[in-house]
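The values are calculated or read from the model by the stated rules, or taken from the named source; none is laboratory data. What you see is a predicted model, and the numbers here were worked out from it, not measured in a lab. Every residue, glycine among them, receives a Cβ derived from its backbone with ideal geometry; neighbour counts consider all protein chains shown. The area values use the complete protein model at the heavy-atom level, side chains included, leaving out ligands, DNA and RNA. Shrake-Rupley method; radii C 1.70, N 1.55, O 1.52, S 1.80 Å.
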Amino acid sequence: MGRVVVGVAVSVAVAACAVAAVVVGRRVKSKRKWRRVVGVLRELEESCETTVGRLKQVVDAMAVEMHAGLASEGGSKLKMLLTFVDKLPNGSEKGTYYALDLGGTNFRVLRIQLGGTGSSILGYDVERQPIPQELMTSTSEDLFNFVALSLKDFVEREGDGTEISLDRRRDLGFTFSFPVKQISVSSGILIKWTKGFAIRDMVGKEVAGCLEQALTRQGLNMRVTALVNDTVGTLALGHYHDADTVAAVIIGTGTNACYLERTDAIIKCQGLLTTTGAMVINMEWGNFWSSHLPRTTYDIDLDAGSPNPNDQVFCCSFCFLIDITPWKSHIIKSLLQGFEKMISGMYLGDIVRRVILRMSQETDIFGPVSCRLLVPFILRTPLMAAMHEDDSPELKEVGRILGEILGIPDVPLKVRKLIVKVCDVVTRRAARLAAAGIAGILKKIGRDGSGGLTGGRRSDVKMKRTAVAIEGGLYTSYTMFREYLNEALTEILGEEVAQHVVLKVTEDGSGIGAALLAASHSSQSVDKVQLL
């Protein structure tokens, strides 16, 4: 009987040891999985590191590229395009002005009434119209006839219901968000269509002229006095409300910047005369690139997989011209819009998706790899921002988005916290790089305390109050992004200089800003900007 008891006891002990071994083994395996996932995060943090020293290198590189782009065409990664806008609205404008914002499958017509005292907008009306699908591939005459008819209907509702004279000349600001070679403040030649438009007979034509001809056919006496893009419109609106505004930045789905430059600094266009001695420069800063930018393997993979046929066309043509073998062409392509792909809302969510995919492939901590994780751009940046700013104790919004959008259900809380950290790393890098870009502009125009490009901080430089107009949902609606950008700008400039720099949220530069530019250029019977 005793032997039986001992035997049972031994058997129980062996079984207990086996169970314990299994439990310990599972814990060890789980810890290994967790370490691998945390390792992916640590690697991301190191690759995205943006120390103040590194940011200042980006600032210097931006300023150098700006100088190069002003010195010669094609001399820089920054296009530094002349806008021929030499006169920004200042609050003295008076009267009724119109704007047309055409840049997608919808267009807007706007009307503003200006009081002429203290930057007062007395009235504001706007209408949005969808563009019929067939007009996007029809003829230029069909498209602009449709737009002109809408403008005519809008003008006829001007005022208090009394009869309106269509013969009275009206001035129009035209925001045309397609690639254009600007030839004056009020005219430009269409280079190519994007965003689903494919009107062949329009390419190579002067844009404002086509619109004015259609307006004439409708019996409407309206002249395009300013042809601009949305960034220039944002600067105009910012300057209208604050005369210290010298630059504008858009940080939304895409990103760009423009600023007010001295005419004598635009070396590539010698003999340029303006009435003010200055001109707005459209930087197209999405193309900026520097070896100091903290690039990760996720950025490289995103470049390779991003749907950007325009970049590919440029790349293939360039490779053919200088005899670069096609397999090397991806190197050139990856540098195009490199800055934009690190900081704009189009791409941040997809970078996070790629990190989560890597974690899922490294370990089964999320279970089997979700097929949705393989879909590019399925995680849009607003969803990423919602996860990042989820302040609920259980991170319910994080869990919902992971489940509904990425097909990863029942994610434990500690893993949800890890995902929030990934969002934080990607967003922080983007915001700090955007701040470096802004500081680069300030350095170029001597508003960073250094007195210009060369030398360090100078004590003899008297700081002027400087305002930068900012538009775009990434800055205006994403609190963490905005806080990281503001924090980084102070770190780069130093608190003493930063207190003189104001970032001002500006809304609807493409609409109100364009109308204001129509007002500021309305008194000019001919363009004042001339090339000698």
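Answer yes or no: is there a residue in region 221-234 that is farther than 22 Å from Glu507 by Cα, touching a residue at least 60 places away in the same chain (Cβ under 8 Å) and not β-branched (Val, Ile, Thr).
yes
Identify, please: which residue in region 344-374 is without any contact (Cβ under 8 Å) to a residue 40 or more places away in the chain and open to solvent by less than 10 Å² (accessible area, probe 1.4 Å) and is, among those, farthest from Glu471 (Cα to Cα)?
Restricting attention to region 344-374, the residues satisfying the condition of being without any contact (Cβ under 8 Å) to a residue 40 or more places away in the chain are 349, 357, 361, 368-374.
Remaining after also requiring open to solvent by less than 10 Å² (accessible area, probe 1.4 Å): 349, 373.
Values: Gly349: 20, Leu373: 31 Å.
Once the filter is applied, the top-ranked residue is Leu373.
Looking at region 167-188, which of its residues are assigned to a strand (DSSP E or B), of a type in the set (A, V, I, L, M) and under 19 Å from Asp230 (Cβ atoms)?
Within region 167-188, the first condition is being assigned to a strand (DSSP E or B), and the residues that meet it are 170-176, 180-184, 187-188.
Filter again for of a type in the set (A, V, I, L, M), leaving 172, 180, 183.
Of everything in region 167-188, those that are assigned to a strand (DSSP E or B), of a type in the set (A, V, I, L, M) and under 19 Å from Asp230 (Cβ atoms) turn out to be Leu172, Val180.
I need the full set of residues from region 114-145 which are without any contact (Cβ under 8 Å) to a residue 40 or more places away in the chain, within 30 Å of the chain's Cα centre (by Cα) and not in a loop (DSSP other than H, G, I, E, B), in order please.
Residues satisfying the conditions are Gly123, Asp125, Glu127, Arg128, Gln129, Pro130, Gln133, Glu134, Leu135.
With Ser76, Ser92 as the choices, which residue is polar (S, T, N, Q), more than 23 Å from Leu211 (Cα to Cα), in a loop (DSSP other than H, G, I, E, B) and under 24 Å from the mean Cα position of the chain (by Cα)?
Numbers: Ser92 fails: under 24 Å from the mean Cα position of the chain (by Cα).
Just one listed residue meets the conditions, Ser76.
Can you tell me which condition Phe377 does not meet? The list is (1) open to solvent by less than 80 Å² (accessible area, probe 1.4 Å); (2) within 24 Å of Gly39 (Cα to Cα), and all the others hold.
(2)
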